[in-house]
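The block underneath contains the structure these notes are about, expressed in structure tokens.
The values are calculated or read from the model by the stated rules, or taken from the named source; none is laboratory data. As the structure is a computational prediction, the values presented were derived from the model and not from experiment. Glycine also receives a Cβ, built like all others from the backbone with ideal geometry; neighbour counts cover every protein chain displayed. We work out accessible area using only protein heavy atoms, side chains counted, and drop any ligands, DNA or RNA first. Shrake-Rupley method; radii C 1.70, N 1.55, O 1.52, S 1.80 Å.
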Amino acid sequence: MSNVKLEVNDLRKYFPIRRGLTEVLSGKPPRYVRAVDGISFEVIDGEIFCLVGESGCGKTTAGRLIARLIEATGGKAMYRVSKNVKEMIPEGLLVNGDYVNLLGKLPGSVDKALRLDIQIIFQDPYGSLNPRMTIGSILEEPLIIHSIGSTKEERQEIIYRALSEVKLNPPEEFVERYPHMISGGQRQRVAIARAMILNPSLVVADEPVSMLDVSIRAEILQLMLDLKALRNLSYIFITHDLAVANYICGRIAVMYLGKIVELGPSDKVINNPKHPYTIALVSAVPEPDPSNRTKIREVPIKGEIPSAAAIPSGCRLHPRCPYAMDICKVKEPPMIEVEPGHQVACWLHTKESAPS
Amino acid sequence: MSLLSKMYESWSWIRKEILSQVSGKVAFVLLIALIVVSVYAAILMPPDYAKYWDVGSKWVDNPYNAPPEWASYLGYVCVPQTFYDLRTVKPGVSEVSGRVVFTYNITYDLSARDYPQGLRIRANIVVPQGVRNARIRVDIIKPDGARLPAIIDTYVDLTNTSLIDLNLDKPEGIVTAVMSAYRDLVKFLSVEEISIFPMKYIFGNLSYSETLKKVETTPLPGRYMFVIDFSFRVFNVQPQEILRAVEKSKEFSLLIKGTCYGLMGTDYKGRDLAEGLFYGFPIALAIGLLVALASTAIGVVAGLVSGYYGGFIDELIQRTVDVMGSIPLLPILILIAQSIAKTYTGEDKPIVMLTAIFAVLIAFSWGGLAIIIRSMTLSIKSELYVEAAKAVGASNLRIISKHILPQIVPYIAASLVYSTPNAILTEAGLSVLGIRHGYPTWGNILSEARQNGTISQWWWILPPGFLIAIVSLTFVLLGLALEKVVEPKLRR
């Protein structure tokens, strides 16, 4: 377990739905949007772990839970803190020597220490930078909060270094600018610099390139890979774009309606998908070969993703699945390993072990 | 770097930015002028000015409802205020049948075609022992040669005292004297009609119209002679002694009231409006700024706390605002002011009333701002950059002060700027409704004009309104300039 950076177990986040007066009076039970409904995975040291799925499947919520931006409803996320942060965490909270449960209430000092170690890059570089602050003061803020660099000059040095690290050169030109004075790609570089300036060891990247021009996506992805090579970083990379996932990911977890339906090394999941939903996702990727363009592709999944407030019984995919069987409607399929490291939750692959 | 030098740095930056705009320059000049005048007036203002202004006897010398002196350039007929210090005038001394008589011959040139508003003789003389009584008698010789005898005629008995203390402001004898000088007058007019304005007959030309049964008077300009006989019954006292006593007395004077007064004219009580307007500056600014600052501060804090923390405290603040909002402000203010006016009758009544008006205005004016600040906070709170700040470990206080507050500062500035004249206007409105604390605020002057003035008395109505408008303009211009300072997107 020593090379596991983060072990997530049965992570859940339910958002309560506001009930009307009649509902409260008639004593109906409170209802929830089950955005993340019990997902488990591991992130290995230095790995890029991807969460893939349609919009609304809960992948962003999962990322925000790990970045401790919202409180989880249940589950466990054991995180191995890096050495420099470990001193700031009291012995009592440490499990197995190095691990801390990220979920639940933590004292303020521990919370602050963990923020040094776990950072997040947001999808929208237009929203994630305060329009009223210069690039310099945006990057200075984390340094001030964590008292890194005792003088203004020292902090300036760190900011210059961070800016040149994300290839915003010359840095002196950028520190005085406001976000509305630079391009979207440059903004995302600033956002990345802000995440990296605290020297984290785990970065949650929430669709960092989906709002950017296609022409600069590769640059940003390459920058993230370079930074990972430079530091001892692990990424949790959230994306809906399988092409991007294929390019960058080590392992992929495919999510559907708050559950992981398939998990495995990226080449195996993308080239040999087992779950009907994954098969549909893979077949929906645009075909780069022009000779294949005229072929009408088979789209094996029908209909729309259901609301997370009214999750279908049994397997969540069964109303849309072309292979749906009777058991799918009543019982949720367990996660089973189909080949080493490649797991899938589908009754098609569990027929033998399923109780009829 | 210390906090002070940091504050100075940002202040000089703001000043530079404001001064780079035309509206900012104008606002800056006006504001400086306002502050300088206010501070100057506040320093000069006597401590019990409210009492002095409202019931003071200082104003009896002034003409009432008089336009300013410069109104003569606008075609107004102005009779100037004429004052004679009789102590410096050498009288003719004579002795007639045991009385020592000082005769003062005063010439008065009436050049304007109007009647002076009144006559007043005041004396405060300590006479030597042995003076038994004194008499002041004034005859007036009109330009046409007619002599009006004993227009003023007063005896002072000095057997038990040696102090002559006279203030003949509206001498009762005038009407009788006028009636005996013009015997035909009674055929046309009653005593009451004559006593409305006896100056008409003293300083006017009378023409009788038998057929119409009335008397017409027209102002009679020219040189008037006031013959003042100041006589004493004495016992073993030299006339020179009495004369010395008169010359060294506190006061012995004749005043012929004009019809124009000072820089800004007077109101119905003869109060100098220039003085009232001048002392109105610090009070207006204090009401405006204090109410605006306090209510804005409360509104901002309440709105931020309500919007950012949510939950129970949010509910509490918002319901408080709802309740406050549904209580009608004006009746409450009238109620409170009336009960204070009834309860406090002592010296501190004006200040207590002013404080109460302050408190009620503040208490009722932060609610709207709190609601708006709350909704702004709610929307800013859910911005991605606030979440990003949380992700790097920013505390709530830091998020509020560095990320939320700067966004709402333009709105706060605007609210501050607009609620300043608002508070002044509300106070003026209260004055009009009869809630007066006694200080000469501009609203107070306006309200008295409403009750006791007419539309033709523009010098009473226009200046206070104009000053309120100037103050509003200052703050509006300041708000316009500030908006560009706090909103970087407007800057370039």
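Go ahead and run the numbers for FRET between B:VAL39 and B:ARG398, Cβ-Cβ distance against an R0 of 41 Å, rounding to 0.05.
0.60
For segment B:79-257, what does the accessible surface come to per residue with a 1.4 Å probe? Please give it in Å².
That works out to 50 Å² for each residue.
Roughly speaking, what is the centre-to-centre gap between segment A:167-227 and segment B:216-270 when only Cα atoms are used, to the nearest Å?
Measuring centre to centre over Cα atoms gives 92 Å.
Students often get this wrong: which residues of segment B:199-234 have the backbone nitrogen under 19 Å from the point 7 angstrom along Cα-to-C-beta of B:GLU193?
B:199-219
Give me the net charge of A:VAL52's neighbourhood, meaning all other residues with Cβ under 10 Å from the Cβ of A:VAL52; Lys, Arg count +1, Asp, Glu -1.
With Lys, Arg at +1 and Asp, Glu at -1, the neighbours total -2.
With θ set to phi - 60°, apply the Karplus curve 6.51 cos²θ - 1.76 cosθ + 1.60 along segment B:273-280 and write out the HN-Hα couplings as whole Hz, x wherever there is a Gly or Pro.
5, 4, 5, x, 5, 5, 6, x
Could you point to the residue in A:ASN271, A:VAL190, A:ILE260 farthest towards the positive end of chain A's charge dipole, with +1 and -1 charges on the Cβ of Lys/Arg and Asp/Glu respectively?
Going by the Cα projections, it comes out as A:ILE260.
Ratio to report: Rg/Rh of the protein assembly as shown, with Cα atoms as the point set and Rh obtained by the Kirkwood method; give two decimals.
1.27
Collect residues whose amide H, placed 1.01 Å from N in the peptide plane, falls under 5 Å from the amide H of B:ASN133; neighbours closer than 5 in sequence don't count.
Placed amide hydrogens put B:LEU158, B:ARG233 under 5 Å from B:ASN133.
Are there any GluC sites (Glu not before Pro) in segment A:81-175 that are in a DSSP loop and have at most 14 other Cβ atoms within 10 Å? List them by number.
Working: sites: A:GLU87, A:GLU91, A:GLU140, A:GLU153, A:GLU154, A:GLU157, A:GLU165, A:GLU172, A:GLU173; in loops: A:GLU87.
Qualifying residues, ordered by number: A:GLU87.
How big is the B/A interface in buried accessible area, both sides summed, 1.4 Å probe, to the nearest 100 Å²? Provide the component values of the computation, followed by the final result.
Details: alone 25120 and 17310 Å², together 40420 Å².
Separately minus together, B and A give about 2000 Å² buried.
Given the Cα-Cα distance of B:LEU330 and B:TYR8 and 0.36 nm per residue of separation, how much length would full extension add, in nm?
Extending this stretch completely gives an extra 111.8 nm.
Quick check: pseudo-label points 7 Å beyond the Cα along Cα→Cβ at A:ASP45 and B:TYR208, how many nm apart are they?
13.0 nm
7 Å from Cα along Cα→Cβ at both A:GLU7 and B:ASN452: what's the point-to-point distance in nm?
Label-label distance for A:GLU7 and B:ASN452, simple model: 9.1 nm.
For B:ASP272, A:ASP10, B:ASP169, give me the order by solvent-accessible area with a 1.4 Å probe, most accessible first, ignoring ligands, DNA and RNA.
A:ASP10, B:ASP169, B:ASP272
Mind checking the full-extension length gain between B:VAL227 and B:VAL22? Use 0.36 nm per residue of separation minus the Cα-Cα distance, one decimal, nm.
67.5 nm
Scan segment B:182-283 for trypsin sites (Lys or Arg not before Pro) in coil per DSSP, keeping those whose Cβ has at most 16 other Cβ atoms within 10 Å, and list them by number.
B:ARG183, B:LYS213, B:LYS248, B:LYS250, B:LYS269
Specify which residue in the list B:ILE151, B:TYR115, B:PHE232 is farthest towards the positive end of the charge dipole of segment B:79-257, using unit charges on the beta carbon of Lys, Arg (+1) and Asp, Glu (-1), about the Cα centre.
B:PHE232
Viscosity 1.002 mPa s, temperature 20 °C: what is the translational diffusion coefficient of segment B:375-492 from Stokes-Einstein with a Kirkwood Rh over Cα pairs, rounded to a whole number of µm²/s?
Working: Rh = 17.5 Å.
Rounded, D is 123 µm²/s.
Dipole size in debye (nearest 20) for the protein assembly as shown around its Cα centre, Lys and Arg Cβ +1, Asp and Glu Cβ -1?
Details: 88 positive and 81 negative charges, 115 e Å.
Roughly 560 debye for the protein assembly as shown.
Given a Förster distance of 56 angstrom, what is the FRET efficiency for B:LEU290 paired with A:GLU339, based on the Cβ-Cβ distance and rounded to 0.05?
0.15
What three numbers, in Å, describe the spread of the alpha carbons of segment A:173-275 along their principal axes, ordered from the longest?
Projected onto the principal axes, the Cα atoms of segment A:173-275 cover 51, 28, 24 Å.
Just to be sure I understand: if I project the alpha-carbon convex hull of segment A:96-179 onto a plane and average over all orientations, what area do I get in nm²?
So the Cα hull casts an average projection of 7.5 nm².
Summarise the accessible area of the protein assembly as shown (1.4 Å probe, protein heavy atoms) by the percent that is carbon and sulfur.
Reported share for carbon and sulfur atoms: 58 percent.
Rg and Dmax of chain A, using alpha carbons, in Å: what are they?
Rg then Dmax for chain A, in Å: 21.9, 71.
Can you tell me the equivalent ellipsoid semi-axes for segment B:1-108? Use √(5λ) from the Cα gyration tensor, largest first, whole Å.
On the way: eigenvalues 651, 88, 38 Å².
Taking √(5λ) for each Cα gyration eigenvalue gives 57, 21, 14 Å.
About the Cα centre, and with charges only on the beta carbon of Lys, Arg (+1) and Asp, Glu (-1), how big is the dipole of chain B? Nearest 20 debye, please. Walk me through the numbers before you get to the answer.
Numbers: 45 positive and 40 negative charges, 136 e Å.
Result for chain B is approximately 660 debye, rounded to the nearest 20.
Can you sort A:LYS105, A:LYS5 by solvent-accessible area, 1.4 Å probe, largest first?
Largest accessible area first, the residues go A:LYS105, A:LYS5.
In terms of modelled amide H atoms, which long-range or inter-chain residues lie less than 5 Å from the amide H of A:VAL36?
Distant-sequence amide H within range of A:VAL36: A:LYS13.
Which residues make up the longest stretch of chain B clear of GluC sites (Glu not before Pro) that lie in a DSSP loop with no more than 16 other Cβ atoms within 10 Å, not counting the sites?
That would be B:1-171.
Karplus couplings for segment A:170-184 from phi (6.51 cos²θ - 1.76 cosθ + 1.60, θ = phi - 60°), rounded to Hz, Gly and Pro as x?
With the stated coefficients, segment A:170-184 comes to x, x, 4, 6, 8, 4, 8, 7, 9, x, 6, 9, 10, 7, x Hz.
Which pairs break 23 Å Cα to Cα here: A:LYS28/A:LYS329; A:LYS274/A:LYS331; A:LYS5/A:LYS274; A:LYS13/A:LYS105?
Distance filter (> 23 Å) returns A:LYS28/A:LYS329; A:LYS5/A:LYS274.
Residue by residue through segment B:96-112, what is 3J(HN,Hα) from phi via Karplus (6.51 cos²θ - 1.76 cosθ + 1.60, θ = phi - 60°)? Round to whole Hz and write x for glycine and proline.
Coupling constants for segment B:96-112: 10, 6, x, 10, 8, 10, 9, 10, 9, 10, 10, 9, 10, 9, 9, 9, 7 Hz.
With only Lys, Arg, Asp and Glu charged, each at its Cβ (+1 for the first two, -1 for the last two), find how big the charge dipole of segment B:79-257 is about the Cα centre; round to the nearest 20 debye.
180 debye
How much space per residue, in cubic angstrom, does the convex hull of the C-alpha atoms of segment B:79-257 take up?
On the way: hull volume 20.8 nm³, N = 179.
Roughly 116 Å³ of hull volume per residue.
By a straight-distance test (C-alpha under 17 Å), which lysines pair with B:LYS342 as possible cross-link partners, with residues fewer than eight away in the same chain excluded?
Within the straight-line limit of under 17 Å, B:LYS342 reaches these lysines: B:LYS51.
Put +1 on the Cβ of each Lys and Arg and -1 on the Cβ of each Asp and Glu in the protein assembly as shown; which of B:GLY368, A:GLY303, B:SER326 then has its Cα farthest toward the positive end of the dipole?
My answer, from the dipole projection, is B:SER326.
Apply 1/(1 + (r/R0)^6) to the Cβ-Cβ distance of B:LEU163 and B:VAL29, taking R0 = 60 Å, and write down the FRET efficiency to the nearest 0.05.
Details: r = 55 Å, r/R0 = 0.91.
Step by step, r from the Cβ atoms, then E = 0.65.
So if I restrict to the alpha-carbon atoms in chain B, what is the Rg, and what is Dmax, the biggest pairwise distance, in Å?
32.4, 110
Using amide H atoms built 1.01 Å from N in the peptide plane, name the residues 5+ places from A:LYS5, or on other chains, whose amide H lies under 5 Å from its own.
Close amide H contacts, sequence-distant or interchain: A:VAL43, A:ILE44, A:ASP45.
Checking the cross-link filter: which lysines have an alpha carbon closer than 19 Å to that of B:LYS170, excluding same-chain neighbours under 8 positions apart?
Result set, ordered by chain and number: B:LYS58, B:LYS200, B:LYS257, B:LYS269.
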